[in-house]
Number of protein chains: 2
Amino acid sequence: MSPAHMTIGEVAGRSGLPAKTIRYYEDIGLIRPLRGENGYRSFRESDLHKLAFLGRARALGFSIEDCRTLLELYEDNARESAQVKQVAQQHLAQIEEKIAQLQAMHETLSHLVHACAGDSRPDCPILADLGSGGSDCHTS
Amino acid sequence: MSPAHMTIGEVAGRSGLPAKTIRYYEDIGLIRPLRGENGYRSFRESDLHKLAFLGRARALGFSIEDCRTLLELYEDNARESAQVKQVAQQHLAQIEEKIAQLQAMHETLSHLVHACAGDSRPDCPILADLGSGGSDCHTS
DNA sequence: CATAAGGGTTCCAGTCACTGGAAGGTCAAG
DNA sequence: CTTGACCTTCCAGTGACTGGAACCCTTATG
């Protein structure tokens, strides 16, 4: 029931991506929709499919360049799955690194927040820590 | 033993911040170092102290605007610790949200990576998932 | 037929927190 | 006097969009 060709608004609705983002993806060469006589972009089912692919890859945190690579591999029937796995594993490692960084921040900051009275008095272990550079955690 | 005034290279070394970053912090009004006759920035101990404060706050992931607020509170002896705590708690909530997002990505992606043979064959559950949108995890 | 609404188009600027680089001034040592 | 290591300013780029202006196309209505 889908028409053979769709406008940007339609693929935006179907893919869940904003129209602005879709134009941007064309700008950087991730997709190449056709053009109608009036200059409007004309998307095929295959374009919509690519956009959905991109949306899911982005949702998993892959960079645009990774997405470009993954899309190429997706379209290449002679790819080796090892290539895909390598990209995914590197990204996974980055995610793990970020999680570790954030958890370290969380650890420190939650201690400080817990130690702060949060009342009308000026004494504040959070500022004390930022000002002195050392956690007073186990200093009596 | 520290001189009364320091050059940007010296405070960079002592604070651990790149000179470029320190100039940027002056640009956006976080610090206001003096100037010598030759036009060089001339940093007091108090400037160095602020830079160290900023470096630690940034290391905890606070945005520049949060840092500006925290620095103002730090300098204000009549602050209420509740104000500091609120900023820190909001940031903590953001950190928690980011961790949750990253962990969700990690969950999905690690399953996919594990399911991918990573050999010379083209079959790849990672691409299959990105292309179809559903995890085949529990579909037999 | 004019017009208004609701699409679409392009292009430019802004986000965030830097970072790199060019072009040039200053200073101490050899 | 030159070399080299500093310092200065200013401009451009990063990633991945996002907002807005100014304009075109199509359809429906008064």
- [ ] Over both sides of the A-B contact, add up the buried accessible area with a 1.4 Å probe and give it to the nearest 100 Å².
- [x] 4300 Å²
Open item on the list: Normalised by the empirical 2.2 N^0.38 Å for globular proteins, what value does the Cα Rg of segment A:1-62 take?
Closed with: 1.05
Task: Integer Hz, Karplus 6.51/-1.76/1.60 couplings in order for segment B:95-108, x for Gly and Pro - done: 4, 4, 5, 4, 4, 4, 4, 5, 5, 5, 4, 4, 3, 4
- [ ] Let me have the 222 nm mean residue ellipticity of chain B computed from DSSP H runs of 4+ only, each contributing -39500 (n - 2.57), with the sum over all residues rounded to the nearest 500.
- [x] -20000 deg cm²/dmol
TODO: Please state, to two decimals, what the Cα-based radius of gyration of segment A:1-123 comes to when divided by 2.2 N^0.38 Å (N = residues).
DONE: 1.57
Open item on the list: How much length would be gained if the chain were fully extended between B:GLU26 and B:GLU65, taking 0.36 nm per residue of separation minus their Cα-Cα distance, in nm to one decimal?
Closed with: 12.7 nm
TODO: Calculate the dipole size of segment A:1-74 relative to its Cα centre from +1 charges on Lys and Arg beta carbons and -1 charges on Asp and Glu beta carbons; express the result in debye to the nearest 20.
DONE: 120 debye
Open item on the list: Taking θ = phi - 60°, what integer Hz values does the Karplus form 6.51 cos²θ - 1.76 cosθ + 1.60 yield along segment B:34-48, in sequence order, with x for Gly and Pro?
Closed with: 6, 10, x, 5, 7, x, 5, 5, 10, 9, 8, 4, 5, 5, 4
Open item on the list: Let me spell out the model: positive unit charges on the Cβ of Lys and Arg, negative unit charges on the Cβ of Asp and Glu, origin at the Cα centre of chain B. What dipole size does that give, in debye rounded to 20?
Closed with: 680 debye
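Please give me the summed charge of the neighbours of B:ILE95: other residues whose Cβ is under 13 Å from its Cβ, Lys and Arg +1, Asp and Glu -1. Walk me through the numbers before you get to the answer.
Working: positive: A:LYS98, B:LYS98; negative: A:GLU107, B:ASP66, B:GLU96, B:GLU97.
My count for the surroundings of B:ILE95 gives -2.
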Task: Residue-averaged beta-carbon neighbours from other chains (10 angstrom radius) around A:51-63 - done: 4
TODO: Please give every one of the lysines within straight-line cross-link reach of A:LYS20, meaning a C-alpha to C-alpha distance under 19 Å, and leave out same-chain neighbours fewer than 8 residues apart.
DONE: A:LYS50
Open item on the list: As a test of the definition: which semi-axes, in Å, follow for the protein assembly as shown when you take the square root of five times each eigenvalue of its alpha carbon gyration tensor? Largest first, please.
Closed with: 48, 24, 20
- [ ] Report the net charge of residues surrounding B:ARG32, where surrounding means a beta-carbon distance below 15 angstrom and charges are Lys +1, Arg +1, Asp -1, Glu -1.
- [x] 0
Open item on the list: Please report the spacing between the Cα centers of segment B:1-53 and segment A:84-104 in Å, no decimals.
Closed with: 35 Å
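The values are calculated or read from the model by the stated rules, or taken from the named source; none is laboratory data. If you're wondering where the values come from, they're calculated on a predicted model, not measured in any experiment. Note that each Cβ is placed from the backbone with ideal geometry, even for glycine, and that neighbours are counted across all protein chains shown. Note: areas computed on protein heavy atoms with side chains; ligands, DNA, RNA excluded. Shrake-Rupley method; radii C 1.70, N 1.55, O 1.52, S 1.80 Å.
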